[in-house]
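Novice: What follows is a single structure, and I will ask about it in a moment.
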Amino acid sequence: MNDNFSNQSLEQARAGFVHDLQGLDALRRRGLQDNNDQAALREAAQHFESIFMNQLLSSMRQANEIFAEGNPLNTQYTKFYQDMQDQQMASELSSQGSLGLADLIVQQLSPQGTENYRPASLLSSPSFTEQLQQRQAQSVAPRENHVERYDDEPVPARIAALRMNEEEGDWQADDPVAFLERLAPFAREAAERANISPLPVLAQAALETGWGRYVIPRADGESSNNVFNIKADGRWQGDTAATRTVEFDGTVARSEQARFRAYGTVAESFQDYVNFLQTNPRYEHALEAGKDAMRFVEQLQDAGYATDPEYANKLKRIMNSDAMQAIRERFGL
């Protein structure tokens, strides 16, 4: 084996390994050398970009955690190795200049990058202020025509998907308490029709939509308003929305494409939820539970409403949450 090639490969691997402490120490020593400050600045900037990118990947993992609830593969060991992989990926991507953040840092901190620097005294001078005002006036002048051009254009579908019928208001809130508060009137009405407790109804809406954050969109981008994720079988004659969903075969999770019911308003979703339960004989025992919320969710899972083996336990945790307790006190549920 070629020793030179082996040593070179080892050095390349060590230089790109995010947990290599020798590389960080070498970076510190290069920063102390006056004749190599530009190279040290470049490497430090890349290291900072790596940290930033790792935070970005970490935020993406956190946003995806709701889909991992109840997954038997989602263990602390999996999260540990995912974290290591994300850190290494961030290090490699930053070395390739994927974000361009390192270049901006070098440009800002490099002595050669101060050629276009404007001191505060120049910025506050009358001549510079007059030039700035002239440019602003020129950019504002055609604004009237610009606004008229957009007056007749429709609202983007992505924005429309986040809103409901004006008479119902915006039900997708930023926090669990606000989400439950806005859906509580619909849940109370649906529960009265079915003669059941409104607590599991609210809990299902929270679980199925991730507290309103993940409502299935239609093909045109508008919201399906399906807060219970009821699938569109052969009996459904209304609108539909297709998406990929995670189903469980025992304890094994698998992804599949499925079609779900779509409604004009969230009120229709609650109404159809009651009809769905009352017209399916398999939910007879669940409806017989009446106001017993805990027994209702257990019977709901036994009837096969969801394939997730932890479905009932998740609903119970939501019903026992601080957010639900606050809504119970506020609405007397």
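The values are calculated or read from the model by the stated rules, or taken from the named source; none is laboratory data. This structure is a prediction, so every number in the text was calculated from the model and none was measured. Glycine gets a Cβ as well: all are built from the backbone with ideal geometry, and neighbour counts include every protein chain shown.
Novice: With respect to W211, determine if the residue is part of a loop (DSSP other than H, G, I, E, B), within 19 Å of E310 (Cβ to Cβ), at pLDDT 80 or above and of a type in the set (A, V, I, L, M, F, W, C). Please lay out each step first, then the result.
Specialist: On the way: part of a loop (DSSP other than H, G, I, E, B): yes; within 19 Å of E310 (Cβ to Cβ): yes; at pLDDT 80 or above: yes; of a type in the set (A, V, I, L, M, F, W, C): yes.
Answer is yes for this residue.
Novice: Can you list the helices (runs of 4 or more DSSP H) found entirely within the range 253-314 that contain at least 2 residues being among the β-branched types (V, I, T) and out of contact with any His (no Cβ under 6 Å at 6 or more places or on another chain)? I'd like the intermediate steps shown before the answer.
Specialist: Numbers: elements: 266-278, 284-288, 293-302.
Once the helices (runs of 4 or more DSSP H) in the range 253-314 are filtered for at least 2 residues that are among the β-branched types (V, I, T) and out of contact with any His (no Cβ under 6 Å at 6 or more places or on another chain), what remains is 266-278.
Novice: R193 - would you say it is out of contact with any Ser or Thr (no Cβ under 8 Å at 6 or more places or on another chain), surrounded by fewer than 19 Cβ atoms within 10 Å (Cβ to Cβ) and in contact (Cβ under 8 Å) with a residue 40 or more places away in the chain? Write out each step before concluding.
Specialist: Working: out of contact with any Ser or Thr (no Cβ under 8 Å at 6 or more places or on another chain): yes; surrounded by fewer than 19 Cβ atoms within 10 Å (Cβ to Cβ): yes; in contact (Cβ under 8 Å) with a residue 40 or more places away in the chain: yes.
Criteria met by R193.
Novice: Exactly one of these conditions fails for A326: (1) in contact (Cβ under 8 Å) with a residue 24 or more places away in the chain; (2) crowded, with 16+ Cβ neighbours inside 10 Å; (3) of a type in the set (G, A, S). Give me its number.
Specialist: Of (1) in contact (Cβ under 8 Å) with a residue 24 or more places away in the chain; (2) crowded, with 16+ Cβ neighbours inside 10 Å; (3) of a type in the set (G, A, S), only one is false for A326: (2).
Novice: Specify which of the listed residues (A219, A190) is in the same structural domain as Q301 (by TED's automatic domain parsing) and modelled with pLDDT of 90 or more.
Specialist: Values: A219 fails: modelled with pLDDT of 90 or more.
That would be A190, the only listed residue that is in the same structural domain as Q301 (by TED's automatic domain parsing) and modelled with pLDDT of 90 or more.
Novice: Are any of the residues in the range 150-166 part of a loop (DSSP other than H, G, I, E, B) and modelled with pLDDT of 50 or more? Steps first, answer last, please.
Specialist: Applying the first criterion (part of a loop (DSSP other than H, G, I, E, B)) to the range 150-166 yields 152-156, 162-166.
When the remaining residues are screened for being modelled with pLDDT of 50 or more, the result is none.
Scanning the range 150-166 turns up no residue that is part of a loop (DSSP other than H, G, I, E, B) and modelled with pLDDT of 50 or more.
Novice: Anything in the range 222-256 that is more than 16 Å from F270 (Cα to Cα), modelled with pLDDT of 80 or more, surrounded by 12 or more Cβ atoms within 10 Å (Cβ to Cβ) and not β-branched (V, I, T)? List them, or say none.
Specialist: Scanning the range 222-256 gives E222, A241, A242.
Novice: Take A306 and decide whether it is in contact with a helix residue (DSSP H, G or I) (Cβ under 7 Å, 6 or more places away or on another chain) and either in contact (Cβ under 8 Å) with a residue 60 or more places away in the chain or under 23 Å from S197 (Cβ atoms) (or both).
Specialist: Numbers: in contact with a helix residue (DSSP H, G or I) (Cβ under 7 Å, 6 or more places away or on another chain): no; either in contact (Cβ under 8 Å) with a residue 60 or more places away in the chain or under 23 Å from S197 (Cβ atoms) (or both): yes.
Here the answer is no, as A306 does not meet what is asked.
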